[in-house]
1. In segment 109-159, how many residues are modelled with pLDDT under 85 and touching a strand residue (DSSP E or B) at 6+ places or on another chain (Cβ under 8 Å)?
2. Does any residue of segment 174-183 turn out to be modelled with pLDDT under 85 and surrounded by 15 or more Cβ atoms within 10 Å (Cβ to Cβ)?
3. Taking segment 25-44 only, how many residues are free of Cβ contacts under 8 Å to residues at least 24 places away in the same chain and surrounded by 15 or more Cβ atoms within 10 Å (Cβ to Cβ)?
4. If you take the residues of segment 92-122 that are among the aromatic types (Phe, Trp, Tyr) and loosely packed, with under 13 Cβ neighbours inside 10 Å, which of them is farthest from residue 215 (Cα to Cα)?
5. Output the residues belonging to segment 155-195 that are farther than 18 Å from residue 39 by Cα and aromatic (Phe, Trp, Tyr).
6. Out of all the residues in segment 49-67, is one or more of a type outside the set (Asp, Glu), touching a Gly at 6+ places or on another chain (Cβ under 8 Å) and surrounded by 18 or more Cβ atoms within 10 Å (Cβ to Cβ)?
7. Scan segment 151-173 residue by residue and report those that are touching a residue at least 60 places away in the same chain (Cβ under 8 Å), part of a helix (DSSP H, G or I) and surrounded by fewer than 20 Cβ atoms within 10 Å (Cβ to Cβ).
Amino acid sequence: MISDMMKLVDRFVDIFKKPLYGKTFFCPVCHLELSFHDTDENDNLVCPLCGVVIELHETYGHPIPIVNDVEINRVQPKMRMHPLATHLPIGLFPFALLGGFLLLFISAYCKARGLIVSDYEFWSNASIILDKATSLFLFVAVASSSLTFFTGFMDWKKRYGGRPYRIITLKIILSGIFLALGVLLVLLHISIFTAGIAALSNIFSIFGAILYLFLLAAAMFILATLGHVGGYLVHGK
């Protein structure tokens, strides 16, 4: 099941990679997929993963990467904040996703059965606690993603010399999308739920709930894709 999910994420990554990367080749040492656009004016580049200096040639339309040297002076900070910061949104957002789904399920069930949650002390208290926990997880996950973005940007500038790698450009684009979706989700959550229950009383509230579910799923998929792409820069493919 996990392998199937990874294949799905790979296909999703390819949707962004093809127009952004253009023509690609693989590093002959670590097999990281790189773009022709990553090379400088002399058709050279430093692999962001293994640090080898590659001279790229093309023969009959086929890329021929030749390893000329190794970058041995790459900055190695004592504490890399970006890998640490990524654990907050990746660890907390799934709980926000689960909480959001449960809250909407309770709201829809009560609406379908004509139940008033406030009449049942246990469910009333449970929905309020779940709402507060979900709000907290969602807010911290989105807020910490801005820290992740900042530390990643600084990591790119210092560790990778600010070189215009397309894989890092892809990470920046996906990070921006997740941050925008996260802000929308926080605002929607505040507007939809009252004491942990969504009213679902008219077409607008129903549309808001559906949009909330869709954005939760989309943000989770973007976050998983970000982690997947980031893993390439650490472990290769």
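The values are calculated or read from the model by the stated rules, or taken from the named source; none is laboratory data. Because the structure is a prediction, the values reported are computed rather than measured. Note that we place each Cβ from the backbone using ideal geometry, even for glycine, and neighbour counts take in every protein chain shown.
1. Selection size over segment 109-159: 3.
2. Keep residues of segment 174-183 that are modelled with pLDDT under 85, which gives none.
No: segment 174-183 contains no residue that is modelled with pLDDT under 85 and surrounded by 15 or more Cβ atoms within 10 Å (Cβ to Cβ).
3. Pass one, segment 25-44, residues free of Cβ contacts under 8 Å to residues at least 24 places away in the same chain: 39-43.
Checking the rest, the ones that are also surrounded by 15 or more Cβ atoms within 10 Å (Cβ to Cβ) come to 39.
The number of residues fulfilling the criteria is 1.
4. Narrowing segment 92-122 to residues among the aromatic types (Phe, Trp, Tyr): 93, 95, 101, 105, 109, 120, 122.
After this cut, where a residue has to be loosely packed, with under 13 Cβ neighbours inside 10 Å as well, the list is 105, 109, 122.
Details: 105: 16, 109: 21, 122: 29 Å.
For segment 92-122, the residue satisfying everything is 122.
5. So the first thing to find is which residues in segment 155-195 are farther than 18 Å from residue 39 by Cα, and the list is 155, 158, 171-195.
If the condition is that a residue be farther than 18 Å from residue 39 by Cα and aromatic (Phe, Trp, Tyr), then 178, 193 are the ones that fit.
6. Our first condition is that a residue be of a type outside the set (Asp, Glu); within segment 49-67, this holds for 49-54, 56-57, 59-67.
Right, trim to touching a Gly at 6+ places or on another chain (Cβ under 8 Å) and you get 49-50.
Restricting the remaining residues to those that are surrounded by 18 or more Cβ atoms within 10 Å (Cβ to Cβ) gives 49.
Yes, segment 49-67 contains at least one residue that is of a type outside the set (Asp, Glu), touching a Gly at 6+ places or on another chain (Cβ under 8 Å) and surrounded by 18 or more Cβ atoms within 10 Å (Cβ to Cβ).
7. If the condition is that a residue be touching a residue at least 60 places away in the same chain (Cβ under 8 Å), part of a helix (DSSP H, G or I) and surrounded by fewer than 20 Cβ atoms within 10 Å (Cβ to Cβ), then 151, 154, 155, 158, 159, 166, 169, 173 are the ones that fit.
Let's see how each residue does on (1) out of contact with any helix residue (DSSP H, G or I) (no Cβ under 9 Å at 6 or more places or on another chain); (2) closer than 21 Å to residue 166 by Cβ; (3) assigned to a helix (DSSP H, G or I):
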{"residue": "31", "(1), (2), (3)": "yes, yes, no"}
{"residue": "65", "(1), (2), (3)": "yes, yes, no"}
{"residue": "69", "(1), (2), (3)": "yes, no, no"}
{"residue": "73", "(1), (2), (3)": "yes, no, no"}
{"residue": "95", "(1), (2), (3)": "no, no, yes"}
